[in-house]
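Read through the structure below, which is laid out as structure tokens, and then see the notes.
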Amino acid sequence: MKLALLCGYSGKDFSGSQYQPEARTVEGEFIKAGISCGAWEDAKSASFRTAGRTDKGVSVRRQVISVTTENPERFCEAINFHLPPDIWCLGASEVPDDFYPRYAVRSRTYRYFFPYPLDIPRMNETAAVFAGTKDFSGFSRMEPGRDPVRTVTVSRVFEEHGLPVFEITANSFLWNMVRGIAGFLFAAGLGMAGPDDAEKQLKDHIWRVHPAPPEGLLLWD
């Protein structure tokens, strides 16, 4: 039986979400927990898939994961007991065999939490430039063959506890795209960039944009 899981995790001690033989990853810990509770025998039989990968240090509030198990009741009852404390499963639902979370999820929302007071109105004005269907190759680490065009439906900066928070929603994201935009918004918050500069970078890709550190990034929903 295939299950869709709603999960979260703290990324501080993970080398990312995808399995790596010599590193601690979310997928690796999930596989070990499922073997421990008898949900599956090995990684291949688990058929672990996520709605989107996360890099080293990135945390998640709500992530969709799919797994396959012959013991769904045992899995749902026991998985949180066998998972480490920095991963948690919030719920599970039976899905069709052809369910693939990467393509089933219709939108993704990230938040980036800045640790310093910055010029929030200027950051928000700059963030608004990124809304719409645009070429984000100037803010991303491009992979060969990837389409650089993405549709952003929400891009804003708001204040929380006196600090700026960047929120962005899109149908999908390029590698390092959110952190790249967050790094640019950090410069805007320091008065070193603004909306016009964002427009130029989207159009001409004239600067190398340094991504913001991963620790501030959260896959919100």
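The values are calculated or read from the model by the stated rules, or taken from the named source; none is laboratory data. Computed from a prediction, not measured in an experiment: that's the story for all the values here. Cβ coordinates were reconstructed from backbone atoms using ideal geometry, including for glycine residues, and neighbour counts include every protein chain displayed. Accessible surface is based on the protein model in full, side chains and every heavy atom, while ligands, DNA and RNA are left aside. Shrake-Rupley method; radii C 1.70, N 1.55, O 1.52, S 1.80 Å.
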Take the conditions under 19 Å from residue 218 (Cα atoms), modelled with pLDDT under 90 and touching a Pro at 6+ places or on another chain (Cβ under 9 Å) and apply them to residue 179. Does it pass?
no
Taking the options 148, 164, name whichever one is more than 20 Å from residue 215 (Cα to Cα) and touching a helix residue (DSSP H, G or I) at 6+ places or on another chain (Cβ under 7 Å).
148
Sole exception among (1) surrounded by 13 or more Cβ atoms within 10 Å (Cβ to Cβ); (2) outside any strand (DSSP E or B); (3) modelled with pLDDT under 95 for residue 129, by number
(3)
In the set 121, 148, the lone residue that is farther than 30 Å from residue 13 by Cα and open to solvent by less than 40 Å² (accessible area, probe 1.4 Å) is 148
Residue among 134, 200 that alone is open to solvent by 20 Å² or more (accessible area, probe 1.4 Å) and part of a helix (DSSP H, G or I):
200
Return the only residue of 117, 84 being more than 22 Å from the chain's Cα centre (by Cα), of a type outside the set (Phe, Trp, Tyr) and assigned to a loop (DSSP other than H, G, I, E, B).
117
Looking at (1) more than 17 Å from residue 168 (Cβ to Cβ); (2) at pLDDT 95 or above, which is the only condition residue 60 fails?
(1)
What residue, among those in segment 165-197 that are in a strand (DSSP E or B) and not acidic (Asp, Glu), is nearest to residue 155 (Cα to Cα)?
168
